[in-house]
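The values are calculated or read from the model by the stated rules, or taken from the named source; none is laboratory data. Please read all numbers here as calculations on a predicted model, not as lab measurements. Note: areas computed on protein heavy atoms with side chains; ligands, DNA, RNA excluded. Shrake-Rupley method; radii C 1.70, N 1.55, O 1.52, S 1.80 Å.
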Amino acid sequence: MTLPELVSAYFQHYTIVAYLAVALASLVVFVLYPAPLLRAGGAVLAAVVIYPLVWHLLHQYVLHGQWPYKFKMLASTWKRIHYDHHQDPNHLEVLFGALHTTLPTIFIATAPVGALIGGKDFWLGGAAIAFATGIITTCYYEFMHCIQHLAFKPKWKWVQHMKQRHNEHHYFDEDGNFGITNYTWDRVLGTYYVKKDRPKRSPTVFNLGYTEEVAVKYPWVKELSGGIASGHPRRRGMAEKK
């Protein structure tokens, strides 16, 4: 896949189209109810700084949490937002986040902070510009996520580094390297690793700990998935063809 082909596929996906539409709507709100430059800049900066930490914590403790599948009402959501992605990391249909979960999360993580920085008189403008920043940052994250999973070989060293760390998260040990575009918080929180630092592959890297034994007590994800697959997706695909 060439870079133009990657860009074309990225911008044609309905999720990205929806994100850009929401970002544009938020910017329109900001234009109609503007905040002073310093307050607006503060809201943008806060959204940019907060986003990687929020993403890391959600990724580690919710998407990789051992609790969502224990509730029947959350099982289908957990399956869609992350279990399916780890079952087959390069599957395009589940590569992007689900809008009904990502948009509210981005809003909660950014808009209240923006409103607080905007203050009593400019809270709406502050919230709007912070939310727009969160959406645009998400678009950047998703583009990098595409690079990490699609058949594109980046030439830039820093992107190669990100792709290698993320692939280790998906194919070697899921308990670490939770960042997407940077691993600052992984380093701070002790979850950063390179493959050579861990002795062996995690047996749950493709099922996130949702095993046959777990499914006996909490069967809903298994029922929705038609079973539990624990091996490498390429080898599973070859076995199914046979």
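Rolling a 1.4 Å probe across the protein heavy atoms gives segment 49-127 an accessible surface of 50 Å² per residue. Per-residue ellipticity at 222 nm from helix content only, as computed over the chain with -39500 (n - 2.57) for each DSSP H run of at least four residues, stands at -20500 deg cm²/dmol.
Classify segment 1-46: rounded, prolate or oblate, from the alpha-carbon gyration tensor (a ≥ b ≥ c, eigenvalue square roots; a/c under 1.5 rounded; otherwise prolate if a/b is larger than b/c)? It is prolate, given that a/c is not under 1.5 and a/b is the larger ratio.
Sort segment 121-168 into rounded, prolate or oblate with this rule: let a ≥ b ≥ c be the square roots of the eigenvalues of the Cα gyration tensor; rounded if a/c is under 1.5, and if a/c is not under 1.5, prolate when a/b is larger than b/c, oblate otherwise. Cα axes put segment 121-168 in the prolate bin.
Specify the angular offset, from 0 to 90 degrees and rounded to the nearest 10, of the alpha carbon long axis of helix 99-149 from the longest principal axis of the alpha carbons in the chain. So the helix axis and the longest Cα principal axis differ by about 30 degrees. For segment 102-224, averaging the sequence separation of C-alpha pairs within contact (under 8 Å, six or more residues apart) and dividing by the residue count gives a relative contact order of 14 percent. In this structure, the amide hydrogen of residue 173, modeled 1.01 Å from its nitrogen in the peptide plane, lies closer than 5 angstrom to those of 202, counting only residues at least 5 positions away or on a different chain.
Seen against the Cα atoms of the chain and their longest principal axis, helix 3-12 is set at about 70 degrees.
Taken one residue at a time, the phi angles of segment 160-173 give Karplus couplings (6.51, -1.76, 1.60, θ = phi - 60°) of 4, 4, 4, 5, 5, 5, 5, 5, 5, 4, 8, 10, 10, 8 Hz. Gly and Pro are set to x.
Taking a ≥ b ≥ c as the square roots of the eigenvalues of the alpha-carbon gyration tensor, segment 1-95 is classed oblate because a/c is 1.5 or more while a/b is no larger than b/c. Taking the chain as a Gaussian network of alpha-carbon nodes connected by springs under 10 Å, the highest mean-square fluctuation of the residues 103, 37, 92 belongs to 37. Tell me, what % of the accessible area of the chain is carbon and sulfur with a 1.4 angstrom probe? Ligands and nucleic acids excluded, carbon and sulfur give 67 percent.
When all protein chains stay in place and ligands, DNA and RNA are ignored, the 1.4 Å accessible-area order of 162, 1, 73, largest first, is 73, 1, 162.
Where the alpha-carbon atoms of the chain are placed on the principal axes, they occupy 63, 43, 36 Å, in descending order. Computed from backbone phi with θ = phi - 60° and the Karplus coefficients 6.51, -1.76 and 1.60, the 3J(HN,Hα) list for segment 41-51 is x, x, 5, 5, 4, 4, 5, 5, 6, 6, 3 Hz; x is used for glycine and proline.
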